[in-house]
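Please find one structure pasted underneath; my questions will follow.
The values are calculated or read from the model by the stated rules, or taken from the named source; none is laboratory data. The model shown is predicted, which means the values in this text are computed figures rather than measured ones. Quick reminder, even Gly has a Cβ in these numbers, built from the backbone with ideal geometry, and neighbours come from all protein chains shown.
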Amino acid sequence: MAAKLYIRPLQASNGNSSIGKAVIFLGGPARYSAAEVTIRSSTGDIEERHVLPTSEILSWLETSRPDFKEAASGILAKLSEPRASFAGLDMSQAHVMGVINVTPDSFSDGGDRYDASNAVEDGLRMVEQGATILDVGGESTRPGAEPVSLDEELRRVIPVVHKLSQAGALVSIDTRHAKVMTEAVAAGAGVINDVTALQGDEGSLEAAAAAKVPVILMHMQGTPETMQSNPTYQDVALDIYDFLEQRVAACEAAGIPRNMVAIDPGIGFGKTIDHNLRLLDTLSLFHGTGCPVLLGVSRKGFIGKLSGAVEPKDRVAGSIACALAGLQRGIQMYRVHDVAETSQAFVISRAILNAAIV
């Protein structure tokens, strides 16, 4: 890996800024006045890390590190540009993705929607509550989960995908298997959401390209069976940023345009509590890829460890706290179990933000 530069926006706000000249963030109305600029070596070591007024980043690089000025210009442009629509959704707004686990063993709601009719009924209720996309999965990826057969995964998800899409819902298929991707899209799925970033199955990248639907690439260290066995990183945010950039490039090489790719840093998938908290704090970094970002943190185990909420269904408040942290950092999509509660929190948060520019 060659030495590389990273820019993480700080202090994004709809109000006036007191530090330097504020720059448009993701097309506005929010702006950011400062950013963390990091340069790390080819071995992954941090060479420099500074917080600078946004308006001074290029002039500072011109003086001290002119070899990174072109890269910085490209990242700054991506940070200011509005995101193109994704699967027909306006990325200037926050979107709630409702979780439909058609499984008996998911960590949070295993068995609740194992019956297809229950899954469809609950999915349509989520749309009424504010979900603009429904994520249907037939294989648990909780820590320690074992894989299921392809036939069983297909049996679980295809009827649900078909009925929800026939009812007019935008459906994403949550799978790491090429055959499931292909058949789910044929059944009406409009998005492919893969926890392995299209690496878990030899044919996934080709299947996704042939399907011609948008894809969501998630980072996971290891597999569901092994991912929580001592996960390690040099710098969790930068390492995951690099991984996702590489996977976006792989998609482009396979014929999937960048404007059809979203990314997900994979909270809880091969991360410690400290890793998860660091990622939540640094989410704005990932906008430098130019792709929409999905945050999936709903009811995750680290929320329970920090708060004492043993049962996943008791972690609603902690999940919303994480979602609001994402909203402050410009995240466009949120994968959640508690759609009504998250949607309400977003309505109030947006009203408060908009009041700042009246």
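List the number of the failed condition for LYS313; all other conditions in (1) touching a helix residue (DSSP H, G or I) at 6+ places or on another chain (Cβ under 8 Å); (2) at pLDDT below 95; (3) among the charged types (D, E, K, R) hold.
Exception for LYS313: condition (1).
So for segment 230-247 (the condition being in contact with a Gly (Cβ under 7 Å, 6 or more places away or on another chain), buried (at least 21 other Cβ atoms within 10 Å of the Cβ) and within 30 Å of VAL127 (Cα to Cα)), does at least one residue qualify?
Checked segment 230-247: no residue is in contact with a Gly (Cβ under 7 Å, 6 or more places away or on another chain), buried (at least 21 other Cβ atoms within 10 Å of the Cβ) and within 30 Å of VAL127 (Cα to Cα).
If I go through segment 138-161 residue by residue, how many of them are in contact with a strand residue (DSSP E or B) (Cβ under 9 Å, 6 or more places away or on another chain) and without any contact (Cβ under 8 Å) to a residue 40 or more places away in the chain? Explain how you work it out, then say what you get.
We begin by selecting, within segment 138-161, every residue in contact with a strand residue (DSSP E or B) (Cβ under 9 Å, 6 or more places away or on another chain); these are 138-141, 153, 156-157, 160-161.
With without any contact (Cβ under 8 Å) to a residue 40 or more places away in the chain added as a condition, the list becomes 139, 153, 161.
Qualifying residue count for the region: 3.
Could you tell me which of the residues ALA253, ALA345, ALA323, ALA340 is in a helix (DSSP H, G or I), farther than 19 Å from GLY222 by Cα and without any contact (Cβ under 8 Å) to a residue 12 or more places away in the chain? Quick ask: steps written out before the conclusion?
On the way: ALA345 fails: without any contact (Cβ under 8 Å) to a residue 12 or more places away in the chain; ALA323 fails: without any contact (Cβ under 8 Å) to a residue 12 or more places away in the chain; ALA340 fails: without any contact (Cβ under 8 Å) to a residue 12 or more places away in the chain.
None of the others qualify; the one that does is ALA253.
Which is of a type in the set (A, V, I, L, M), part of a helix (DSSP H, G or I) and in the same structural domain as ASP264 (by TED's automatic domain parsing), of LEU294, LEU306?
Values: LEU294 fails: part of a helix (DSSP H, G or I).
It is LEU306.
Hey, another quick one. Across segment 65-78, what is the total count of residues that are under 15 Å from ARG8 (Cβ atoms) and either in contact with a Gly (Cβ under 6 Å, 6 or more places away or on another chain) or among the hydroxyl-bearing types (Ser, Thr, Tyr) (or both)?
2
Could you please find all residues in segment 32-56 being surrounded by fewer than 17 Cβ atoms within 10 Å (Cβ to Cβ), within 21 Å of THR232 (Cα to Cα) and among the β-branched types (Val, Ile, Thr)?
THR43, ILE46
Of the residues ILE216, ILE263, ILE267, only one is within 21 Å of HIS337 (Cα to Cα), in contact (Cβ under 8 Å) with a residue 60 or more places away in the chain and within 17 Å of the chain's Cα centre (by Cα); which? Explain how you work it out, then say what you get.
Details: ILE263 fails: in contact (Cβ under 8 Å) with a residue 60 or more places away in the chain; ILE267 fails: in contact (Cβ under 8 Å) with a residue 60 or more places away in the chain.
Selected residue: ILE216, the only one of ILE216, ILE263, ILE267 that is within 21 Å of HIS337 (Cα to Cα), in contact (Cβ under 8 Å) with a residue 60 or more places away in the chain and within 17 Å of the chain's Cα centre (by Cα).
Is there a residue being among the charged types (D, E, K, R) and free of Cβ contacts under 8 Å to residues at least 12 places away in the same chain anywhere in segment 290-307? Break it down into steps so the answer makes sense when it comes.
Start the filter on segment 290-307 by keeping residues that are among the charged types (D, E, K, R), which leaves 299-300, 305.
Cutting the leftovers down to free of Cβ contacts under 8 Å to residues at least 12 places away in the same chain gives us none.
No, segment 290-307 has no match at all.
Ok, one more. Inside segment 133-173, can you point out the residues that are charged (D, E, K, R) and more than 17 Å from VAL195 (Cβ to Cβ)? First the steps, then the outcome.
Restricting attention to segment 133-173, the residues satisfying the condition of being charged (D, E, K, R) are 135, 139, 142, 146, 151-153, 155-156, 163.
Across segment 133-173, the qualifying residues are ASP151, GLU152, ARG155, LYS163.
Looking at PHE286 and the list (1) closer than 21 Å to GLU36 by Cβ; (2) outside any helix (DSSP H, G or I), which single condition is not satisfied?
Of everything listed in (1) closer than 21 Å to GLU36 by Cβ; (2) outside any helix (DSSP H, G or I), PHE286 misses just condition (2).
Out of everything in segment 203-240 that is in a loop (DSSP other than H, G, I, E, B) and closer than 18 Å to ALA186 by Cβ, what residue ends up being modelled with the lowest pLDDT? Write out each step before concluding.
Our first condition is that a residue be in a loop (DSSP other than H, G, I, E, B); within segment 203-240, this holds for 203, 212-214, 219-235.
Of the ones still in play, those that are also closer than 18 Å to ALA186 by Cβ are 203, 212-214.
Details: GLY203: 95, LYS212: 98, VAL213: 98, PRO214: 98.
Once the filter is applied, the top-ranked residue is GLY203.
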